[in-house]
Amino acid sequence: MEAADRLKKCGVDNPQYDSQELLMSVANMDRTAYLLHAKENMNDTLYAAFEKLVKRRANREPLQHILGYTYFWGRKYQVNKNVLIPRQDTEILVEKALEHIGTGDSVLDMCTGSGCIIITLACERKLSRAVGVDVSKKALEVAKENADNLLADVEWIQSDLFQQMNRSIETKIQTNILYDMIVSNPPYIEQSIIDTLSDEVRRFDPLIALDGGEDGLLFYRKITEQSVNYLKPGGWLLYEVGSNQAGQVKDIMSANGYEDICIVKDLAGLCRVVMGRLQGK
C-alpha cells in the first residue's frame, strides 16, 4: 500500500498496521470488512479523509491520538494529548496489584493520567473506594470520561501529589484517609534525555507526565515519603519504573519503612515494577 510506504519512509515503526488502522477508522470498517474490501477503490471523499490521517501519522502524531482511543486490559480508553497513552508494560503493574487486593479494599492511584490503572482495578475488584489523583485538570477530564464509559466507580481528585487530598475529599474528618494500596506510574524520565525520545513521545506526550526531574527519581522520592501517611499498616505501594531505576526505587522504599520489597520484570526481561508493604502489620 502506498500509504504504508510513505509512513515507513517517515520512520513509523509499524507502517502497514498503522495504515490499515487509519483506513478502517475513516471507512468505519472492522477488520473483516477491511479484508473483504481493502482492494476496492476509495471514492474521492473517503480518500481525502484518509489522506489527512496519513499526513498526521507521517508527522509522527501517535496513532492512538489520531484514532482517539486505545485498548488496555481488554477495555477501550479515550486518549488525547493531555494524557500518556496506556501501554502494555503497565498491565504488569495492574497484574501485581490484583494479586494483593480483594473485595472491600481501597486503592489510590497517584498520577492517574488516563485513569487506566485505577479503572481496571475498580472493574476487576469490588473495591470499597477507588481514587485517582492527578495535578492536571485536563487529564482528569479524560479519566472521568473513561470511567463513565466503562461504568467504573472512581473518585477523581485534582492535586499536586498529596497536597490537596484532604481539601478535595468531601469529609469533615481531618485525619488522612488510609488506603490498602497505593499504585503509581509517575513521571520518571530524566530531564537530560527527554529530547532524545521518539518524536511520538517527545512532541506529543504531555511533558508534565514525562519529566521525572534531574535523575528521574523525583516523584518516587516524594510519593514514597508521603505515602506512609496514607497507607494502612501492611498496605502495599506499587510503582511502574524505568528499566534502570528499580534498584534505586527499592532503596527509596526501604529507607521509608517498606519491607518485603520485590522487583518484577516485564516480558522483555526488563525491571518494570517495584512493590513493597508498609511496616506495622
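Listed values, structure above:
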| quantity | calculated |
| --- | --- |
| Among (1) among the hydrophobic types (A, V, I, L, M, F, W, C); (2) at pLDDT below 95; (3) open to solvent by 10 Å² or more (accessible area, probe 1.4 Å), the one test that ILE263 misses | (2) |
| Enumeration of residues in segment 231-259 that are buried (at least 21 other Cβ atoms within 10 Å of the Cβ) and within 17 Å of ASP180 (Cα to Cα) | LEU231, GLY235, TRP236, LEU237, LEU238, TYR239, MET253, TYR258 |
| Some residue of segment 228-241 being more than 26 Å from VAL79 (Cα to Cα) and among the hydroxyl-bearing types (Ser, Thr, Tyr) | yes |
| Residue check, VAL142 out of contact with any Pro (no Cβ under 6 Å at 6 or more places or on another chain), touching a residue at least 12 places away in the same chain (Cβ under 8 Å) and under 15 Å from PRO206 (Cα atoms) | yes |
| Qualifying residue in segment 216-224 (condition: in a loop (DSSP other than H, G, I, E, B) and either closer than 28 Å to GLY104 by Cα or touching a residue at least 24 places away in the same chain (Cβ under 8 Å) (or both)) | yes |
| Yes/no for ARG203 being part of a helix (DSSP H, G or I) and either within 18 Å of SER136 (Cα to Cα) or touching an Asp or Glu at 6+ places or on another chain (Cβ under 9 Å) (or both) | yes |
| Single match in GLY212, GLY276 (criterion: in contact with a Phe, Trp or Tyr (Cβ under 6 Å, 6 or more places away or on another chain), within 30 Å of HIS65 (Cβ to Cβ), without any contact (Cβ under 8 Å) to a residue 60 or more places away in the chain and surrounded by 14 or more Cβ atoms within 10 Å (Cβ to Cβ)) | GLY212 |
| Test: residue in segment 17-33 that is within 26 Å of LEU197 (Cβ to Cβ) and surrounded by fewer than 14 Cβ atoms within 10 Å (Cβ to Cβ) | yes |
| Residue match in segment 90-112 (condition: in contact (Cβ under 8 Å) with a residue 24 or more places away in the chain, in contact with a Ser or Thr (Cβ under 6 Å, 6 or more places away or on another chain), of a type in the set (Val, Ile, Thr) and farther than 24 Å from GLY276 by Cβ) | no |
| Which listed residue, of ALA152, ALA147, ALA122, is more than 17 Å from TYR239 (Cα to Cα), open to solvent by 10 Å² or more (accessible area, probe 1.4 Å), among the small types (Gly, Ala, Ser) and out of contact with any strand residue (DSSP E or B) (no Cβ under 7 Å at 6 or more places or on another chain) | ALA152 |
| Residue count, segment 43-75 (criterion: open to solvent by 60 Å² or more (accessible area, probe 1.4 Å) and of a type in the set (D, E, K, R)) | 4 |
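The values are calculated or read from the model by the stated rules, or taken from the named source; none is laboratory data. Source: prediction; values computed, not measured. Cβ coordinates were reconstructed from backbone atoms using ideal geometry, including for glycine residues, and neighbour counts include every protein chain displayed. Heads up: the accessible areas ignore ligands, DNA and RNA and are worked out on the full protein's heavy atoms, side chains in. Shrake-Rupley method; radii C 1.70, N 1.55, O 1.52, S 1.80 Å.
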